[in-house]
Amino acid sequence: QQQVKQSPQSLIVQKGGISIINCAYENTAFDYFPWYQQFPGKGPALLIAIRPDVSEKKEGRFTISFNKSAKQFSLHIMDSQPGDSATYFCAASARSFGANSKLTFGKGITLSVRP
Amino acid sequence: ETGVTQTPRHLVMGMTNKKSLKCEQHLGHNAMYWYKQSAKKPLELMFVYNFKEQTENNSVPSRFSPECPNSSHLFLHLHTLQPEDSALYLCASSPRAGSSGNTIYFGEGSWLTVV
């Protein structure tokens, strides 16, 4: 059972465009939603994260939008650059799981930004 | 120097071999993890160690044997693997396990090919 689902499976965007990656989750207990970025040959690294008490969080060109009722959150990359080309993973975890709290990852999507 | 260091970066082994993957974290964290990353699949959590104690074994076959001698070092001992075990094995650490909102820091991974 896949608890965190990403879409689309891959994305090609022109330089300067907006990249939008979506993530849907099933478990309403989830209360922490990070996005990880992975470049070829590297491990994933935290990009930006949000908690459900806010609907949007922005850091530079990266914005997370959160829709609690739809159980969805998305990553927007403004003014996309070729250097943003990477694999992006959404994830979720729940404080209520206590000692069993752990991140559940999506499958990842590959973003290619064309020059 | 990266926070989480993994060796070797690449490993080719036969199905009857015994080998080990090594991970060291320089971040002062108390939790360490092994993840398996296969193409077009979500990151799979394999093992969790918190303060050197194993707190999670995610139904991993016994041909994978973890060892955590201290909070800074983590090993994954491999024996009689199958070709389907070929994947990128990622080590990660966090301040402690079981705490939603913890940032997980990944190493660059060890590419394993079983022939």
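Brief remarks on what is shown
- Qualifying residue in region B:67-84 (condition: open to solvent by 30 Å² or more (accessible area, probe 1.4 Å), of a type in the set (F, W, Y), facing another protein chain (nearest Cβ under 9 Å) and part of a strand (DSSP E or B)): no
- Leading residue by the ranking (farthest from the chain's Cα centre (by Cα)) among those in region B:25-53 that are among the charged types (D, E, K, R) and at the interface with chain A (Cβ under 10 Å from one of its Cβ atoms): B:K40
- Flag for A:A29 being open to solvent by less than 50 Å² (accessible area, probe 1.4 Å) and either more than 10 Å from chain B (Cβ to nearest Cβ) or in a strand (DSSP E or B) (or both): no
- Within region B:37-53, being loosely packed, with under 15 Cβ neighbours inside 10 Å and in contact (Cβ under 8 Å) with a residue 24 or more places away in the chain holds for B:S38, B:F51.
- Candidates in region A:38-84 are the residues that are in contact with a Pro (Cβ under 7 Å, 6 or more places away or on another chain) and open to solvent by 30 Å² or more (accessible area, probe 1.4 Å); of these, the one that is nearest to B:L90 (Cα to Cα) is A:L46.
- Any chance B:L27 is farther than 27 Å from A:S10 by Cβ and open to solvent by 60 Å² or more (accessible area, probe 1.4 Å): yes
- Any pair with Cβ under 6 angstrom, 6 or more apart, that starts in region B:94-115 at a residue that is closer than 10 Å to A:K102 by Cα and ends at one that is in a loop (DSSP other than H, G, I, E, B) and open to solvent by less than 30 Å² (accessible area, probe 1.4 Å): B:G98/A:S101; B:S100/A:A94; B:S100/A:S101
- Residue in region B:85-115 that is nearest to the other protein chains (Cβ to nearest Cβ), counting only those that are of a type in the set (S, T, N, Q) and more than 19 Å from A:G43 (Cα to Cα): B:S100
- Filtered residue count, region A:60-115, keeping only those that are modelled with pLDDT of 95 or more, touching a Leu at 6+ places or on another chain (Cβ under 9 Å) and charged (D, E, K, R): 1
The values are calculated or read from the model by the stated rules, or taken from the named source; none is laboratory data. On a predicted model such as this, the values are computed, not experimentally measured, just so you know. Backbone-built Cβ (ideal geometry, glycine too); neighbour counts: all protein chains shown. Accessible surface is based on the protein model in full, side chains and every heavy atom, while ligands, DNA and RNA are left aside. Shrake-Rupley method; radii C 1.70, N 1.55, O 1.52, S 1.80 Å.
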